[in-house]
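So the structure is just underneath, and the comments pick up after that.
The values are calculated or read from the model by the stated rules, or taken from the named source; none is laboratory data. Owing to the predicted nature of the structure, the values given are computational and were not obtained by experimental measurement. Because the Cβ atoms are built from the backbone with ideal geometry, glycine has one as well, and the counts that use them run over all protein chains shown. These accessible areas exclude ligands, DNA and RNA; they are computed on the full protein's heavy atoms, side chains included. Shrake-Rupley method; radii C 1.70, N 1.55, O 1.52, S 1.80 Å.
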Amino acid sequence: MFGPMAPDPRHAPLFEPIRVGNKLFRNRFYVAPHCSGLGVEYPGAQAYLRGMRAEGGWAAVNTEYCAVDAESDDAPWVQARLIDQRDQANLRLMVERVHQFNALAGVQLVYMGADHTGFVTRLPAGGPSQVTSAMSGHSCYALDKRDIRRIQRSYVEAAIRARDIGFDLVQIAAREGFSLPLQFLWKYWNQRTDEYGGSIENRTRFWRETIEQVREAVGDDCAIVAGFCLDSFNDESDRAFKVSDDGIAVVELLDDMVDLWDMQVGHLEDDVSSSRFFEPFWQRSYIEQVRPYAKKPIAAVGRFTDPELMARAIKDGVIDIIGAARPAIADPFIPTKIFEGRGDDIRECIGCNICVSRFNNGGGRIVCTQNATVGEEYRRGWHPERFNESEMAEEPILIIGAGPAGMECARVLGERGFANVHLVERDDHIGGHVNWISELPGLRTWRRVVEYRESQLRKLENVAVLTGQNLSAGDVLDYGASTVIVATGAEWDPLGANPITHAPIPGADADFVYTPEQIMLDGIEVPGERVLVYDCDGYFMGSSIAEKLASEGKTVTLVSPSDQIGSYLFFTDEGGHVHHNLLKLEVELVPSHVVTSIERGLVRGHNSYHSGKVSEWHVDSVVLVTQRLSRSTLYDELTRNPELLEETGITRVLRIGDCLEPRVIAESVFDGHRLAREIDTSDPAVPLPFIREQRILGWDADAYDGELTHTLPLEVSSQTTATVQSRHDRCADAFNSIRHG
Ligand SMILES: Cc1cc2nc3c(=O)[nH]c(=O)nc-3n(C[C@H](O)[C@H](O)[C@H](O)COP(=O)(O)O)c2cc1C
Ligand code: SF4
C-alpha cells in the first residue's frame, strides 16, 4: 500500500509494527469504534466507509457499537448488530473490505443495559440495579444471576459470529458511560449488594467473567480488546468513577486477560470533545496514571491530527497506539500522508462535532465538515483522494464566491483536471463566513476549513484564485467562462424574520438593532450596557454572540423561542459546556419566549405557549440571530435573461452552498463537492441518483447495485473543441487583465 519511501525519522515510531495478542498491527494507527448511522441496514455503505480507512493506512478499523442481544435496542440511535446470521452476513462485507487493504477488522460488542430504549424490539432490558436512565428516560429490570449468565452467553455467541466472519479484534466495551460492563463498574449504576456490587473487585466481576468466556470461545483467533472509560470526568459525587482509584484497580485486575486497552475519558459528550472546550490529547494526564499498571498495549483517543503530537505520545511511552474517530472521519488517509511526508495535505478535523450530531439526532447518517466524501464511498462511489478526469476538462469555469462551497468546488474541479478554473472572491481573503465565524469565542480551530483548502488550491496550477474582485452580472457575462457557478453565500436577516412567524419583527429596522455580521465583520460596537440577543437559530451563533458580548462586559439577555437555548448544541455535545459558560458570564437565559416588537429601550415578547404571558425587556440594543437569507442577487440577474447568456457563450449558471440554501458548513462543502464531481452531466443542478440500499420487492439485486457505476458522467455536453479553446483563452485573458490591473 505504501510507496517505497521511509517516513520522516521523527514519525518513524508511528510505523513500527506492534503485536496485539495473536495479531500484528502493521503500524500504530487504530480507528476507534464510531457510529455512522449505517448499522447493518446499509451493509455496502458500512463496508466502504470502514474500508476507506483501511485503504488510508490504518492498521485496525473498528465497527460502531454492535448489539449482542435483541434486548440491546438503542433505537432511534443506530448501532450495528450481531444477534443472528443475517447480521453476520451483512457485517461480513465490512470485514472483507477492511481485509482487502491489509488491515485488521475490529468489532465493539455491547449490551446497552439500562440505556436500552426498546423502541424497535419492545423488549425490556436489564441493568445491574433498577435505576432510571437519563438517556432512555425509563428504568430497567435488575439482572438476577440467571439473566447475567444469559447475557454473557449473548456476548459469547456474538463473539463467535464475529470470529466466524473474520473479525480480528473483539472488543468487550465499557466505554463512554454506556454498556453493561461499565454499568456494573460504576456505583452510579450499580447498587447491588451481592458479589457483583460493592468493592471494585465485585464491580469488575461481570466484565472479567464475560472476557474470560469470550476468550475461551474464540481462543487465539481474535485479540480481545477492553474498551475502557478511565474516569467519569467532572464528577465530584461519591459515586464518581475515578482513574486514580477505580481506574487503576480495574487495569490491575484485567491486564493479564486482555490483549489491548482502548482507553478514553468521560461520557460521550466529553469523550467526543469539541475543540471549543478541549485541547488535543487532553486525556494524557489520565492515561499517565494507569500506564504503570498496564503491560498490554494502550490505544487512546485525543483528536489526533498532528503527527508531532502523535509521535510524542508514543515516544514518551504514554500510549502505544494512536486511536482516532473524528480525525479518521475527516481524513481517512492520515497514516499514508504522514508516511509519505505529506503532513500538510492532512485534512484536519476541526472538532465541530457535526458528525456526532447526526447520530445524536437519532437516525441521521454520518457527515463531516471537512470531508464531503464520508458516508458517500459506496452510495455515490466517492473516494476522498481520487477523482475521475473529466472529458470536458478544457471547459472554462468561473466560480464566484470563495466560501466553503466555492473553495471546495474549485478544489475538486482542479483535482479532476479542469484546465481553467477561476475562483473569484469579493473579499481580500478566501474563506467566506468561516473567516469571521472562527473569530467567535472558542472557534479558532474552525479556520482549518479555510487553511486546508487554501493550501490545496495553492498546489493546483489549473485553479486561479482571485481576491478583491466584486464581479457584477455584466462582468460575469464578459468574463469568457462557459460554466458559471455562483457561491455568494448568505447573510443574517436584518429584519428578524424567523421560523416562528415567517415575518419581520416590528421595529427591527431601528439603528440599535444588529446582525452578527455587523458585529463581527463591520466591527460595530454594540451601544449601551444591556443587550438582548434573540436566537431562533439554535446552533452556535446566538450563544456565541451572547458569550462574546458578555465577556466584553455587557449585560446580556439571551432569548429563544425553543425550550432549550442553543438546542442543536446538545446534538454536537457542546450544549452543557456552552450553558456553563453563559451562566458563568451571568448571561440571563430566557428559553420558550417569542419576541414580538422592538422599540428604543424596550423589547416585548411572550411565552412561546401562551401569548397572554407577556414579557418586557429593557435593553439598549438588540442582536437578531433569527434566520439566514441566500445572497442570490447575482444568480437571479444572470439567469433572468437566457438569450443574453447564450449570446455570451454561457451554457449554464449554477448555484451552490448557502447561496442556494443557508445550511451548516458541512452541507455547503458537500454541495460544492457534489457539483464538481457531477459537473459533466447534462444538468448538474440535479444530483445523480445514488444507491439507497433498500429492499425493493421484485428487483434484481445485481441490477440495483449496478447503480454505483452511475456516479460518473451520464451525458457530456456537446461542445466543439474549438469553441472550448476560444473560451479558454478569453477566460485566461480576463484573469490576466484583473491580476495585472
Ligand atoms: C460520530 C461518532 C460516533 C461514535 N460512536 C461511538 C461508538 O459507537 N462506540 C464508542 O465506544 N465510541 C464512539 N465514539 C467515540 C469515539 O470512539 C472516540 O472515543 C471519540 O470520538 C474521541 O476520539 P477522537 O478525538 O479521535 O474523535 C463516537 C465518536 C463519534 C465522533
Ligand atoms: S464533522 Fe467536524 S468534528 Fe466531526 S470529523 Fe468532521 S471536522 Fe471533525
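Here are 240, 217, 249, 223: which of them is away from ligand 1 (no atom under 16 Å from the Cβ) and under 30 Å from residue 571 (Cβ atoms)?
Of the residues listed, the single one that is away from ligand 1 (no atom under 16 Å from the Cβ) and under 30 Å from residue 571 (Cβ atoms) is 240.
Does residue 290 meet the test of being over 28 Å from the mean Cα position of the chain (by Cα), β-branched (Val, Ile, Thr) and away from ligand 1 (no atom under 12 Å from the Cβ)?
yes
Which count do you get for residues in segment 313-328 that are open to solvent by 10 Å² or more (accessible area, probe 1.4 Å), of a type in the set (A, V, I, L, M, F, W, C) and within 9 Å of ligand 1 (Cβ to nearest atom)?
Number satisfying all stated conditions: 1.
Take residue 35 and tell me if it is modelled with pLDDT of 95 or more, farther than 28 Å from residue 337 by Cα and within 16 Å of ligand 1 (Cβ to nearest atom).
Taking the combined requirement at face value, the residue does not satisfy it.
With 35, 66 as the choices, which residue is out of contact with any Phe, Trp or Tyr (no Cβ under 9 Å at 6 or more places or on another chain) and either surrounded by 24 or more Cβ atoms within 10 Å (Cβ to Cβ) or under 24 Å from residue 268 (Cα atoms) (or both)?
Answer to the check: 66.
What pairs come out if I take residues in segment 322-350 that are on the phi > 0 side of the Ramachandran plot and pair them with residues that are away from ligand 1 (no atom under 14 Å from the Cβ) whose C-beta lies under 6 Å away, six or more apart or interchain?
Going by the 6 Å Cβ cut-off, the qualifying pairs are 341/8.
Going residue by residue through segment 5-19, is there one that turns out to be in a strand (DSSP E or B) and surrounded by 14 or more Cβ atoms within 10 Å (Cβ to Cβ)?
Yes, segment 5-19 contains at least one residue that is in a strand (DSSP E or B) and surrounded by 14 or more Cβ atoms within 10 Å (Cβ to Cβ).
For segment 252-287, what are the residues that are within 10 Å of ligand 1 (Cβ to nearest atom) and either of a type in the set (Asp, Glu) or free of Cβ contacts under 8 Å to residues at least 12 places away in the same chain (or both)?
Answer for segment 252-287, where residues must be within 10 Å of ligand 1 (Cβ to nearest atom) and either of a type in the set (Asp, Glu) or free of Cβ contacts under 8 Å to residues at least 12 places away in the same chain (or both): 262, 270, 271.
Inside segment 646-682, can you point out the residues that are outside any helix (DSSP H, G or I) and either modelled with pLDDT under 95 or of a type in the set (Ser, Thr, Tyr) (or both)?
Scanning segment 646-682 gives 648, 651, 680, 681, 682.
Among the listed residues 331, 344, which satisfies the condition of being in contact with a helix residue (DSSP H, G or I) (Cβ under 8 Å, 6 or more places away or on another chain), crowded, with 24+ Cβ neighbours inside 10 Å, at pLDDT 95 or above and not polar (S, T, N, Q)?
Only one candidate qualifies: 331.
Can you find a residue that is crowded, with 17+ Cβ neighbours inside 10 Å and over 20 Å from residue 629 (Cβ atoms) anywhere in segment 486-493?
No, because not a single residue in segment 486-493 is crowded, with 17+ Cβ neighbours inside 10 Å and over 20 Å from residue 629 (Cβ atoms).
Among the strands (runs of 3 or more DSSP E) confined wholly to segment 545-630, which include 2 or more residues that are without any contact (Cβ under 8 Å) to a residue 60 or more places away in the chain, buried (at least 23 other Cβ atoms within 10 Å of the Cβ) and within 35 Å of the chain's Cα centre (by Cα)?
555-559
Is it the case, given these coordinates, that residue 132 is touching a residue at least 40 places away in the same chain (Cβ under 8 Å), hydroxyl-bearing (Ser, Thr, Tyr) and surrounded by fewer than 21 Cβ atoms within 10 Å (Cβ to Cβ)?
no
Return the residues of segment 81-92 that are out of contact with any strand residue (DSSP E or B) (no Cβ under 7 Å at 6 or more places or on another chain) and either open to solvent by less than 60 Å² (accessible area, probe 1.4 Å) or over 11 Å from residue 166 (Cβ atoms) (or both); say none if nothing qualifies.
Answer for segment 81-92, where residues must be out of contact with any strand residue (DSSP E or B) (no Cβ under 7 Å at 6 or more places or on another chain) and either open to solvent by less than 60 Å² (accessible area, probe 1.4 Å) or over 11 Å from residue 166 (Cβ atoms) (or both): 84, 85, 86, 88, 89, 90.
For a quick check of your reading: which helices (runs of 4 or more DSSP H) sit entirely within segment 203-312 and have at least 2 residues that are open to solvent by less than 60 Å² (accessible area, probe 1.4 Å) and of a type in the set (A, V, I, L, M, F, W, C)?
In segment 203-312, the matching helices (runs of 4 or more DSSP H) lie at 248-254, 284-290.
Considering only segment 98-120, state which residues are part of a helix (DSSP H, G or I) and either in contact with a Ser or Thr (Cβ under 8 Å, 6 or more places away or on another chain) or within 16 Å of ligand 2 (Cβ to nearest atom) (or both).
Passing the criteria: 113, 114, 115.
Residues that are closer than 30 Å to residue 392 by Cβ and in contact with a strand residue (DSSP E or B) (Cβ under 9 Å, 6 or more places away or on another chain): does segment 606-622 have at least one?
No - not one qualifying residue is present in segment 606-622.
Is it the case that residue 399 is in contact with a Gly (Cβ under 6 Å, 6 or more places away or on another chain) and either in contact (Cβ under 8 Å) with a residue 24 or more places away in the chain or not aromatic (Phe, Trp, Tyr) (or both)?
Yes: the conditions hold for residue 399.
When both residues are 6+ apart or on different chains and their Cβ atoms are under 6 Å apart, which pairs have a first residue that lies in segment 223-245 and is farther than 22 Å from residue 155 by Cα, and a second that is within 16 Å of ligand 2 (Cβ to nearest atom) and open to solvent by 10 Å² or more (accessible area, probe 1.4 Å)?
Partner pairs satisfying both residue conditions: 233/270.
Suppose the filter is of a type outside the set (Phe, Trp, Tyr), under 26 Å from residue 41 (Cβ atoms), away from ligand 1 (no atom under 16 Å from the Cβ) and modelled with pLDDT of 95 or more; does residue 384 pass it?
Taking the combined requirement at face value, the residue satisfies it.
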